[in-house]
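For reference, the structure is listed below as structure tokens.
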Amino acid sequence: MRLRVNQRHIPMFATIAVFLLIYLAGSALYSNFFSLRVFTNLFIDNAFVGVIAIGMTFVIISGGIDLSVGSVVAFTGVLAAKLMHDFDVHPIVAFSICLGLGALFGMAMGMLIHFFELPPFLVTLVGMFLARGLAFLVSLNALPIKHPLVNSIIDFGIPLGFRTWLPAIAIIFIAVTLLGIYLQQYTRFGRNTYALGSNEQSAILMGLPVGRTKILVYTFNGLLSALAGVVYSLYTSSGYPLACVGLELDVIAAVVIGGTLLSGGAGYVVGTLIGVLILGLIQTFITFQGSLSSWWTKIVIGILLFVFILLQRYLSAAGKIK
């Protein structure tokens, strides 16, 4: 019996193969590489990247791009720290304000893109500079976050055995991933996002709510970017206006390595999850190696990104995806 593979799944299968190859190579070379603690750390250290990457997956599938995510992380993180540090605002209120502002920021960019038919690249580039500038208006320096509730959130975790536990930020990352899978595979919003990225004109002729979907995609991404800012502030116990400079490029790389087509219309949240883990796995591999500079992470990611772009180009030219 011949096993048939859906051609649209080839990029994601390639992502899984790369992840397994790096993981097996690390396990063969280093004794403690294949351990529950190392695997758990992939979710902990990359939680804020993963949260953003889920939202970016929807944006790229819809045929758009968002360059503002790193700046939004910095702005919401430093704003939450400022509210708690200088104004004694309760963390729940501070984080809620940040999430609301992130969603409004994303919605504003989505509306500009849709109603004024502006290129997403330019609109989100302006958003990147605006959010970073707002972060510096809030504070020029790093601000510590100290509150009993924040400390309890940081200390919370699910024990996994072998002196390993899953902290709150990793739980948030996993929860957002599951939400993204549900929205993508089982809701009208997810189906409309695919249709929008495949062919916007066809989606309009089919009577789909193209404008509403586009605005919702950017609103959702803005919300998750703000949530990533909260996660980052919990991860570092501080807010810093210079945080996550260039993070948007790492996020886009993770999404593309995860098998999402840059031109839109194809991709999966599960692939993005593995793409994020690959980024963390490369950094872990270099850390275990010991003698290589951390800049090799960027080099390897660049090579992988180039390979996956070539794969996408080949499959698109062959008519096997999209």
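The table below lists the values:
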{"item": "Approximate spin-label separation residue 152-residue 299, in nm, with each point projected 7 Å along Cα-to-Cβ", "result": "4.8"}
{"item": "Ordering of 158-165, 240-247 by burial proxy (mean other Cβ atoms within 10 Å per residue, highest first)", "result": "240-247, 158-165"}
{"item": "In nm, spacing of pseudo-spin labels at residue 292 and residue 140 (7 Å Cα→C-beta vector)", "result": "4.0"}
{"item": "Additional length obtainable on full extension of the chain from residue 186 to residue 25, 0.36 nm per residue less Cα span", "result": "54.3 nm"}
{"item": "Residue 126/residue 93 FRET efficiency (R0 22 Å; Cβ-Cβ; nearest 0.05)", "result": "0.15"}
{"item": "At least 18 Å along the helix axis (C-alpha) and Kyte average at least 0.5, DSSP helices within the chain", "result": "10-29, 47-61, 69-86, 91-115, 120-138, 168-186, 210-236, 269-289, 295-317"}
{"item": "Reciprocal mean inverse distance between Cα atoms of region 142-255 - Kirkwood radius, Å", "result": "16.9"}
{"item": "Simple label model, 7 Å out from Cα along Cβ direction - residue 201 to residue 310, nm", "result": "3.3"}
{"item": "Residue-count net charge about residue 297 - beta-carbon cut-off 14 Å; Lys, Arg +1, Asp, Glu -1", "result": "-1"}
{"item": "Region 144-189 - Rg and Dmax from Cα coordinates, angstrom", "result": "14.8, 42"}
{"item": "FRET efficiency, 1/(1 + (r/R0)^6) with R0 25 Å, evaluated for residue 237 and residue 32 via beta carbons", "result": "0.40"}
{"item": "Placed amide H near residue 165: partners under 5 Å, 5+ positions off or other chain", "result": "160"}
{"item": "Overall Cα dimensions of region 47-155, principal axis frame, Å, largest first", "result": "45, 27, 20"}
{"item": "Sparse-neighbourhood loop sites, trypsin sites (Lys or Arg not before Pro) in region 1-84 - DSSP loop, at most 10 other Cβ within 10 angstrom", "result": "2, 4"}
{"item": "For the chain: span of alpha carbons on each principal axis (Å, largest first)", "result": "59, 55, 33"}
{"item": "Most mobile of 120, 148, 91 in a GNM of the chain (Cα contacts under 10 Å)", "result": "148"}
{"item": "Footprinting exposure proxy for 251, 269 (fewest neighbouring C-beta atoms within 10 Å first)", "result": "269, 251"}
{"item": "Sequence ranges 168-175, 259-266, 302-309, ranked by mean other-Cβ count within 10 angstrom, highest first", "result": "259-266, 168-175, 302-309"}
{"item": "Helix-only [θ]222 nm of the chain, DSSP H runs n ≥ 4, -39500 (n - 2.57) each, per residue, nearest 500", "result": "-24000 deg cm²/dmol"}
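Read-outs: derived from the displayed coordinates by stated rules, not from any lab. Here the structure is a predicted model, which is why all the values come from computation and not from measurement. All Cβ positions, even for glycine, are placed from backbone atoms using ideal geometry, and neighbour counts span all protein chains on display.
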